[in-house]
Amino acid sequence: MDASLAVQYVVIAVAVVVSAWVVLKKQFPGPLRKARIALALPLLREGKPGWMQALGRRVAPAPQGQADAACGGCSSCGPDDKKA
């Protein structure tokens, strides 16, 4: 296998992984959040090396406020406060 074919395979693999990540974020935000929490918690445990804790903080999703907890956090539902 020559080098240009290997580079082509690597580029295609990266494109597929990025595509899958975008689809997961758009279509399945709840399960993706749970998976990120499940991955981050073991890395953030007390006694782990600093680089593992840093990786865990990077993998962990941003905290959600109580108002967003009911539906997943788009903040676009509910009654409209504007008077017509």
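No value in this document is a laboratory result; all are computed from the given coordinates. Here the structure is a predicted model, which means the values were calculated and not measured. Please note: Cβ atoms are built from the backbone with ideal geometry, for glycine as well, and neighbour counts cover all protein chains shown.
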### Message
Consider the stretch 15-34. How many of its residues are in contact with a helix residue (DSSP H, G or I) (Cβ under 9 Å, 6 or more places away or on another chain) and among the small types (Gly, Ala, Ser)?
### Response
0
### Task
Any residue in the stretch 28-41 that's more than 10 Å from PRO61 (Cα to Cα): show its pairings with residues that are in a helix (DSSP H, G or I) and small (Gly, Ala, Ser) at Cβ separation under 9 Å, as long as the two are six or more apart or on different chains.
LEU39/GLY56; LEU41/GLY56
